[in-house]
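A.B. asks: Right, I'll just put the structure down here and ask away after.
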Amino acid sequence: MESTEPDTFYDQHPFDWVPPDSSEPIRAVLSAPLVEWIESLAPTALVLDIGCGPGRVLGFLARRGMRCVGLDRSRVSVGLAAERYHRPGVVGDNLHLPFADAVADAVISDGVIHHTEDPQAAFVENWRILKPGGRMYLAVYKDSGRYPWLYRYPGALIRAGLRHSWARPLVALLARVPYFLVHFIRSRGRRTWGAAENLFYDYFVTPQVAFLPRSVVEDWCTQQGARVLSYDEGRGANVHSFCLAKEPSPKMPPSRDAVLAAEER
Ligand SMILES: C[S@@+](CC[C@H](N)C(=O)[O-])C[C@H]1O[C@@H](n2cnc3c(N)ncnc32)[C@H](O)[C@@H]1O
């Protein structure tokens, strides 16, 4: 888990908002399609969580006793995940995964590839490490709903404000405090200031974001031969999700010698 990479945005602001001992109901911190998808996996499946952050999903897998490995470009996030959930963590880049082809029974990419420089290449990398017959869960930002607008306009003001020390108190007063209050009320008092702060940075300040229409992701799937088992539009959420299947390897036809041997018997 050692790395000489410079700090990334998520080293300074990890996507850390679910405490390891969270008392929140699981469906308040994980999307319903992801929970159902995980529950449908074989208990022996090897699951790779690519862009695992501090282990929100890894923790759920670990509590179910599943074999899982987390990878993230943020060293701080990988450290938190490994320390909390006692599962192997790898610091690495989604665009060049340090895994062999076809090693994983299941791959999770929850809110990650839209933060990379090349979301399609990141998807293809995730697909490469999935075994034939394996399953993938992919959640990406939608191009509809209010979030693209919020990131582009109030987000641009917030990002500009945070670059100037004189404007930071204004950002705190006009954006961070109201954002925290909304989360505090919606979570019925469970969301801490620190957790809401990390969500705020992911929501408005993260430097690299792509909004990906359903048709774009489906085109990538067609190009990779990925079968879309189910799609969830993520009503009211910022992301939509795709459950994908990689076709099993076609069965090799029996060799001529095997056919002759069978005929002789
Ligand atoms: C919004 S967080 C999601 C974390 C986690 N998947 C979750 O749902 O809780 C996005 C994560 O993607 C990671 N990330 C962004 N670009 C990456 C890349 N090129 N390679 C690996 N991880 C990356 C960030 O470090 C961050 O932890």
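Any read-out appearing in this document is the output of simple, stated calculations on the displayed coordinates, not a laboratory observation. Here the structure is a predicted model, which means the values were calculated and not measured. Every residue, glycine as well, gets a Cβ built from its backbone with ideal geometry; the counts of neighbours run over all protein chains shown.
A.B. asks: With each pseudo-label sitting 7 Å past Cα toward Cβ, what's the residue 174-residue 128 distance in nm, one decimal?
C.D. replies: Using points 7 Å along Cα→Cβ, the separation is 4.5 nm.
A.B. asks: Can you tell me how much longer the chain between residue 245 and residue 208 gets when fully stretched, taken as 0.36 nm per residue apart minus their C-alpha distance, in nm with one decimal?
C.D. replies: Gain in length upon complete extension: 10.5 nm.
A.B. asks: Ranking 141, 231, 147 by Cβ neighbours within 10 Å, fewest first, what do you get?
C.D. replies: Final ranking by Cβ density, sparse to dense: 231, 147, 141.
A.B. asks: Please give the length that would be gained between residue 44 and residue 101 if that part of the chain were fully extended, namely 0.36 nm times their separation in residues minus their C-alpha to C-alpha distance (nm, one decimal).
C.D. replies: 18.6 nm
A.B. asks: Next up: P(r) for the chain: what percent of alpha-carbon pairs falls in each 10 Å bin, starting at zero?
C.D. replies: Going out from 0 Å in 10 Å bins, the chain shows 6, 27, 34, 19, 7, 3, 2, 1, 0 percent.
A.B. asks: Now a separate question. What's the FRET efficiency of residue 36 with residue 157 using the Cβ-Cβ distance as r and R₀ = 51 Å, to the nearest 0.05?
C.D. replies: 0.85
A.B. asks: Also, quick follow-up: What distance in nm lies between label points placed 7 Å from Cα along the C-beta direction at residue 237 and residue 143?
C.D. replies: 2.1 nm
A.B. asks: How much mean residue ellipticity at 222 nm does the chain get from its helices, if each DSSP H run of length 4 or more adds -39500 (n - 2.57) and you divide by all residues, to the nearest 500 deg cm²/dmol?
C.D. replies: -10000 deg cm²/dmol
A.B. asks: Within the range 47-90, what residues put their amide N at less than 12 Å from the label point 7 Å along the Cα-to-Cβ vector of residue 9?
C.D. replies: Once the point is set 7 Å along Cα→Cβ of residue 9, nothing inside the range 47-90 turns out to lie under 12 Å by backbone N.
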